[in-house]
């Protein structure tokens, strides 16, 4: 139910919450949430960014995406367990606060907000680049401004507008990837026209030829692994959106339970089709993108333009989703006393000030790409480089802490359970540590790790200072000092 200027929220013993300056609506329908969960896994990073991973790892990119996909699947399972037990628009930020205290929720939440705002700018730049290719002479910044206005407007309105946009964006992305996979499989088995099938047959050995399955050795696999890890970023949005759906618990549970086949089909399946049809060292894989290169290789008419439309849809979808996710995360943080109170106000169940600020920050990142591309903009890119891994680590550590507490206090809330707890959770955390170490060993990713680490430490210090400042003597007598004092109504 939508309310405006509602009382401040706080987690209660019965699991309900109330909000400080307003509460969010429940305008997302189950069909919206289902399609957001299905299409949210398909991003521009898959369509374009995967080319660099293929060029580095060769056919072993399939293994890289399978390994990183397994890690992401475990992260989503852990997040799903906590979000189904305690749905909140702050998602993992709320869970981190419940597990470790306000400083952890502050750190994870604002780091993720910063990541999403910068990502909005990057996606706007990418979408504008496609539009200027279709309409030469038009300024890129004007296209970005147009996209920002459109999606800021949709997010300022009722949440169902965001849901409708994402529903159709996701439907187009899912349709495109399924069609691509279908064409690829038909080419591999020789069902497509004879001349094209022959061409495919010549390169069907690409998975084992041209240097073998590991043409660049373990170094290539590591590079591909790091590239694939960050391609999965954004899956967390579905747990944020679930809090505004008609049935939050059911929505989260369904999204998490289908995560495995979605990752396997869309990511791992795509990589397998591409390396089976196109030589991994073909320059077109990077220059045009692996999907365009594959369709061109098969002689599909206007393949480049077809994929440009699909990539544009993926970029616009990501912009829309990231403005939404950033605004809800900011609203949640402010509702828990961890940000400027004015930004947390809701109107008709929509946190409009948070939407506006998140959009303005995203557009500011675009302006920096023109004003200071080699300094300020590169600083932004490096700073967000490993934030998603930091967020995943918070998710794993929080689930490790909260699982036993939930089993003790409210076992009926565990409608989604992490497999083989606590061993698989510990394994996932160790895998994340391995990724951090691999990033430290690579010169390019080492810079990102340093910048992200600096931001994380700064946020943690500010969060801890606020926690100390806001601490009250009564906290010592609280039933559970690990529970947050405030959390939003969802």
With N denoting the number of residues in segment 240-312, provide Rg(C-alpha) divided by 2.2 N^0.38 Å, to two decimal places. 1.53
With each label point set 7 Å from Cα along the Cα-Cβ vector, what nm distance links residue 460 and residue 219? 3.2 nm
Based on the Cα gyration tensor of segment 311-369, what are the three equivalent ellipsoid semi-axes, each the root of five times an eigenvalue, rounded to whole Å and given largest first? 23, 14, 9
Could I have the simple spin-label model distance between residue 360 and residue 434, label points 7 Å from Cα toward Cβ, reported in nm to one decimal? 4.5 nm
List the residues of segment 253-294 whose backbone N lies under 18 Å from a point placed 7 Å from the Cα of residue 424 along the Cα-to-Cβ direction. 253-265
In Å, the Kirkwood hydrodynamic radius of segment 385-444 over pairs of distinct alpha carbons? 12.9 Å
Provide the packing ranking of 86-95, 227-236, i.e. peptides ordered by the mean count of other C-beta atoms within 10 Å per residue, highest first. 86-95, 227-236
When the Cα atoms of the chain are enclosed in a convex hull and the volume is divided per residue, what value in Å³ results? 137 Å³
Per-peptide average of other Cβ atoms within 10 Å, ordering 361-370, 269-278 highest first: 269-278, 361-370
Rg(Cα)/(2.2 N^0.38 Å) for segment 432-475, N = residue count: 1.69
Sort 409-415, 145-151 by the packing proxy (mean of other Cβ within 10 Å over each peptide's residues), most packed first. 145-151, 409-415
Report the Cα centroid-to-centroid distance between segment 400-455 and segment 315-343 in angstrom, as an integer. 23 Å
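Rule-based calculations on the coordinates, nothing more; no lab input. Since the structure is predicted, the reported quantities are computational estimates derived from the model, not experimental observations. Every residue, glycine among them, receives a Cβ derived from its backbone with ideal geometry; neighbour counts consider all protein chains shown.
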